Amino acid sequence: MLYSNLQIADCIKMIIMILLHYKKICDKIRLNLTESWCIFIALNAWSSSQRVAYLRMLIYWVNVKFQFCEHFIKFTSLNIEHINYQLMMKLMKILKNYVIKNKLFKIVINNASNNSILKEKLEKIMSRCKFWWDRTQNFINCLTYIINFMIQDFIQALESKTIADNVIAQLKNE
């Protein structure tokens, strides 16, 4: 026998303590969110080189004392074939579990190509739940991604200018 009953019992006890602590944290956040009026959710989904998709979710809000608060909600892997459906289901579960559907102000997303489908599906689901949600106004593309694309374009332009300058210099020398 690899582990004694005492070791197994200690592990189970530790897991229960962690889960109870996590539940207390979630309950405290849930209470804090019910008292807030402006909630943002940040979604960041990506795929690894091994074709495994991941999702990270964060929640941001302004509490009744006008303090900016944030909490890490979820990090999970996704099935790459049905990524839009899974993103939608995970997001809806968070909205339901934290009772924040009516307080959700904006969702910040990365620039993944599947996000247009996510926006469209969320708008349809929210309207079925009798909650107005406009995909053109309630999503924000992550500024970090936008700046990254701008810098990449700038560097590419510099590199192409350098190449063009080299070609012109070679032509002048000939």
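Read-outs throughout are calculated quantities, based only on the coordinates presented, and are distinct from any laboratory measurement. The shown structure was predicted, so the numbers you read here are calculated from the model rather than taken from an experiment. Cβ sites come from the backbone with ideal geometry, for glycine too, and all protein chains shown count toward neighbours.
Summary of values
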| item | result |
| --- | --- |
| Value at 222 nm in deg cm²/dmol, rounded to 500, when DSSP H runs of n ≥ 4 in the chain each add -39,500 (n - 2.57) | -18000 deg cm²/dmol |
| For the chain, the fraction of alpha-carbon pairs in successive 10 Å shells from zero, as % | 8, 26, 26, 17, 11, 7, 3, 1, 0 |
| Förster-model FRET efficiency, 22 Å R0, Ser116 and Asn79, C-beta, rounded to 0.05 | 0.65 |
| Anchor Lys93: aspartates and glutamates whose Cα lies under 18 Å away (excluding residues fewer than 8 positions away in-chain) | Asp27, Glu120, Glu123 |
| Sparsely packed trypsin sites (Lys or Arg not before Pro) within segment 9-89, loop by DSSP, other Cβ within 10 Å at most 14 | Arg51, Lys65 |
| Loop chymotrypsin sites (Phe, Trp or Tyr not before Pro), segment 1-71, which have at most 13 other Cβ atoms in a 10 Å radius of their Cβ (DSSP) | Tyr3, Trp37, Phe66 |
| Loop-located chymotrypsin sites (Phe, Trp or Tyr not before Pro) in segment 69-103 whose Cβ has at most 16 other Cβ within 10 Å (DSSP) | none |
| Amide H partners (placed H, <5 Å) of Lys74, local residues excluded | Met57 |
